[in-house]
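The values are calculated or read from the model by the stated rules, or taken from the named source; none is laboratory data. Everything numeric in this text was worked out from a predicted model, so none of it was measured. Cβ: placed from backbone, ideal geometry, glycine included. Neighbour counts: every protein chain shown. With ligands, DNA and RNA removed, areas are computed over all heavy atoms of the protein, side chains included. Shrake-Rupley method; radii C 1.70, N 1.55, O 1.52, S 1.80 Å.
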Amino acid sequence: MKTIQSRDNPFFKELVRLAGSVRQRSKVDQTLLDGAHLLAAYLDSGKQPQHILLNAAALHDAEITALLKRVGDAPITQLDDKLFAELSELKTPTGILALIDLPQPAGTIVDSRFVLLLEDIQDPGNLGSMLRSAAAAGCDAVFLSTGCADAWSPKVLRAAMGGHFTLDIHERQ
């Protein structure tokens, strides 16, 4: 397991840009999942993360240890606690972050059975709640207008509680 203790580490700098920038997430088609619940939902959807990031406490957490057994051959890096806290928006970090490729929608509106169209939903918490509700209601696709918040931002991901991974999300439609 690799360890990063410096803010000057190039990989850490990339992660900071990714965590804080819609433009960077769109450019590299990646985002960070914060927490065991989101990572479990992602793994349950049949996908594998690109990289796992841990803080020191995560190594002693049974739930995280179980998840690490499911991540296949994804590289694992332990971050200094202060560095980890910079990437997590939570006041009390969960101990695990996963770098993932953004899932690409499988089809078009014509291919979908049950679609939700959202226009100009700017509050990340509201957008996440709507995505979570859409997933629970059985939607298979969500189309977001150009005025909507970034569907893959940390706040939207947390509010959706894994709903992203059961939906085809079409942004900027």
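Annotations for the structure displayed:
- Residue ID - farthest from Val28 (Cα to Cα), chosen from residues in the stretch 96-114 that are of a type in the set (A, V, I, L, M) and surrounded by 17 or more Cβ atoms within 10 Å (Cβ to Cβ): Ile96
- Identity of the residue in the stretch 130-166, of a type in the set (Ser, Thr, Tyr) and without any contact (Cβ under 8 Å) to a residue 60 or more places away in the chain, that ends up most open to solvent (accessible area, probe 1.4 Å): Thr146
Condition check ((1) over 17 Å from the mean Cα position of the chain (by Cα); (2) closer than 21 Å to Ala159 by Cα) across all residues:
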site: Asp8; (1), (2): yes, no
site: Ala40; (1), (2): no, yes
site: Ile64; (1), (2): no, yes
site: Leu68; (1), (2): no, no
site: Asp73; (1), (2): yes, no
site: Phe84; (1), (2): no, yes
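- Selected residue (only one of Glu171, Glu86 is more than 16 Å from Tyr42 (Cα to Cα) and in contact (Cβ under 8 Å) with a residue 40 or more places away in the chain): Glu86
- Screening the stretch 115-129 for residues that are open to solvent by less than 90 Å² (accessible area, probe 1.4 Å) and not aliphatic (A, V, I, L, M) and picking the one that is farthest from Leu43 (Cα to Cα) gives Asp120.
- Gly72 being free of Cβ contacts under 8 Å to residues at least 24 places away in the same chain, open to solvent by 20 Å² or more (accessible area, probe 1.4 Å) and in a loop (DSSP other than H, G, I, E, B): no
- From the list Leu32, Leu59, Leu53, the one residue that fits, being at pLDDT below 95 and in contact with a strand residue (DSSP E or B) (Cβ under 9 Å, 6 or more places away or on another chain), is Leu59.
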